[in-house]
1. Among the residues of the stretch B:145-164, write down those that are part of a loop (DSSP other than H, G, I, E, B) and either among the polar types (S, T, N, Q) or under 18 Å from the mean Cα position of the chain (by Cα) (or both).
2. On the given criteria, is A:I242 assigned to a helix (DSSP H, G or I), at the interface with chain B (Cβ under 10 Å from one of its Cβ atoms), out of contact with any His (no Cβ under 7 Å at 6 or more places or on another chain) and in contact (Cβ under 8 Å) with a residue 24 or more places away in the chain?
3. Could you grab me the full set of residues in the stretch A:127-151 that are basic (K, R) and either closer than 19 Å to A:I49 by Cα or at pLDDT below 95 (or both)?
4. Is there a residue in the stretch B:32-52 that is out of contact with any strand residue (DSSP E or B) (no Cβ under 9 Å at 6 or more places or on another chain) and surrounded by fewer than 17 Cβ atoms within 10 Å (Cβ to Cβ)?
5. Being of a type in the set (S, T, N, Q), out of contact with any strand residue (DSSP E or B) (no Cβ under 7 Å at 6 or more places or on another chain) and buried (at least 17 other Cβ atoms within 10 Å of the Cβ), is that true of even one residue in the stretch A:155-162?
6. Tell me, yes or no, whether the stretch A:182-198 has at least one residue that is at pLDDT below 95, of a type in the set (G, A, S) and under 21 Å from A:E232 (Cβ atoms).
7. Taking the stretch B:226-236, which residues are at the interface with chain A (Cβ under 8 Å from one of its Cβ atoms) and more than 14 Å from the chain's Cα centre (by Cα)?
8. For B:Y4, which of the numbered conditions (1) closer than 30 Å to B:A163 by Cα; (2) surrounded by 14 or more Cβ atoms within 10 Å (Cβ to Cβ) fails to hold?
There are 2 protein chains.
Amino acid sequence: MQRYFMTEPYEVREHYEITGENYHHMIRVMRMEPTQQVYLVFSDRIALIAEITEVTEEAVRLKEISKEQGEKELPVNVTIACGFPKGDKLDLVIQKTTELGVHKFVAFPAKNSVVKWDHKKLVKKAERFKKIATEAAEQSHRQFAPDIVLLENKLELIDSFSAYDKILIAYEESAKTGEKSRFAQALAETKIGDSILLVFGPEGGFAPEEIEAFEKNGGILCGLGPRILRAETAPLYALSVISYQFELV
Amino acid sequence: MQRYFMTEPYEVREHYEITGENYHHMIRVMRMEPTQQVYLVFSDRIALIAEITEVTEEAVRLKEISKEQGEKELPVNVTIACGFPKGDKLDLVIQKTTELGVHKFVAFPAKNSVVKWDHKKLVKKAERFKKIATEAAEQSHRQFAPDIVLLENKLELIDSFSAYDKILIAYEESAKTGEKSRFAQALAETKIGDSILLVFGPEGGFAPEEIEAFEKNGGILCGLGPRILRAETAPLYALSVISYQFELV
């Protein structure tokens, strides 16, 4: 069943009206008709099963059938921060981390980031990423689409560290030296409702001065197993494990 | 440090010689010179640190410096089987599952597979996939590249079930009904050295008769959490979790 995100919070109403892009998708792309049902997800994360009652030239009207049952969101708040990788790899990372339950996605210029994005480019990229995240959130049946924040400066990332219960830095050198328990230990200490920041480098990893700054501000260096994961794979590994640990075990 | 797979098993020798594609990569692409070091990984999974002693027009000669230390391979044998997905999604799945440690990769025509590949196409695809897997295995510092098997018939997959200690079927309907413990339970029962087969559907999932045949032959239906993962994401989730469970916890 299709899923549509609404920009407003939930209110009990006789009818809900959909216009704009969602209208286009429902009527022009999916060719929906009265009596068909969809999910409507409001900005306060309340999701309804709703039935189409009327289709006009510009709007779809729907009525509430019931609330969606079941929690779809990770019970810990995970923010993923990635150093800008090459090419369009962030497209993939944002789509996949959204499916896997990320709450907020941050990208920042790391020392080894090859791409240089100016302010104008960042605004355009952020728009594109938000669209990718919203589509992935709809497809994976989430109750909200993650925030996307593109930083112009690495210091903003480090300044944000204090807002988190735990900051984990994925560090290839930790993996190479056989470090293998810090990630598991950090997760064992994490409680439902905690907020975790996971930080990943670009291709080429972090520079020593970045690692030093992260550690000085409370970051814990972790390996993610004995194989070297590419920049875009490591965040998927970490999020999958967090989902398993908090949703399946 | 670069990593090259050799087709022969390891033998103690004064010199090892590299020709062909690996030669091309070392000398033409990486412009390596004598005294530089690389990893050589033999077909019996023994890996050396080796140093270049001589470069000719057609071959590179290297001498053994030491054996590579540390286990890079998952301590359980994981085979991933995917129903043929759309487009070139298998490229991504094969690259990523190789990084994440898959031992063998199987793809098969599922009922909902949209693509139809004839024998000739399968042979060509298998070659391409093998190359992707080899490159990913080199990059992620593995001790071998996974086998790639493309089946012409789904029955061959089911016939292979008896070769595994455990067969887990990722099933969206299990996730939707809130089933959430079978995957964790199956992993808890798995011992080092066991072989596991994980089976994933194409877009659109498995047909009821496929699920029935899988279950009849010992497959266990599992959900992978409350969010709906795309066909190409679910295998990465499962492998990440297996790595975590057996390599980090």
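The values are calculated or read from the model by the stated rules, or taken from the named source; none is laboratory data. The structure displayed is predicted, hence computed values, not measured ones. Note that we place each Cβ from the backbone using ideal geometry, even for glycine, and neighbour counts take in every protein chain shown.
1. So in the stretch B:145-164, the residues part of a loop (DSSP other than H, G, I, E, B) come out as B:145-146, B:151-153, B:164.
Residues satisfying the conditions are B:A145, B:P146, B:L151, B:N153, B:Y164.
2. Values: assigned to a helix (DSSP H, G or I): yes; at the interface with chain B (Cβ under 10 Å from one of its Cβ atoms): yes; out of contact with any His (no Cβ under 7 Å at 6 or more places or on another chain): yes; in contact (Cβ under 8 Å) with a residue 24 or more places away in the chain: yes.
It is true that A:I242 is assigned to a helix (DSSP H, G or I), at the interface with chain B (Cβ under 10 Å from one of its Cβ atoms), out of contact with any His (no Cβ under 7 Å at 6 or more places or on another chain) and in contact (Cβ under 8 Å) with a residue 24 or more places away in the chain.
3. Looking only at the stretch A:127-151, we keep the residues that are basic (K, R), and these are A:128, A:130-131, A:142.
Of everything in the stretch A:127-151, just one residue is basic (K, R) and either closer than 19 Å to A:I49 by Cα or at pLDDT below 95 (or both), namely A:R142.
4. Just the residues of the stretch B:32-52 that are out of contact with any strand residue (DSSP E or B) (no Cβ under 9 Å at 6 or more places or on another chain), to begin with: B:44-45.
From what's left, surrounded by fewer than 17 Cβ atoms within 10 Å (Cβ to Cβ): B:44-45.
Within the stretch B:32-52, one or more residues are out of contact with any strand residue (DSSP E or B) (no Cβ under 9 Å at 6 or more places or on another chain) and surrounded by fewer than 17 Cβ atoms within 10 Å (Cβ to Cβ).
5. Let us first name the residues in the stretch A:155-162 that are of a type in the set (S, T, N, Q), namely A:160, A:162.
Remaining after also requiring out of contact with any strand residue (DSSP E or B) (no Cβ under 7 Å at 6 or more places or on another chain): A:160, A:162.
Then keep just the ones that are buried (at least 17 other Cβ atoms within 10 Å of the Cβ); that gives A:160.
Yes - at least one qualifying residue is present in the stretch A:155-162.
6. No, the stretch A:182-198 contains no residue that is at pLDDT below 95, of a type in the set (G, A, S) and under 21 Å from A:E232 (Cβ atoms).
7. First pass over the stretch B:226-236, keeping only residues at the interface with chain A (Cβ under 8 Å from one of its Cβ atoms): B:226-230, B:233, B:236.
Matches in the stretch B:226-236: B:P226, B:R227, B:I228, B:L229, B:R230, B:T233.
8. Among (1) closer than 30 Å to B:A163 by Cα; (2) surrounded by 14 or more Cβ atoms within 10 Å (Cβ to Cβ), the lone unmet condition for B:Y4 is (1).
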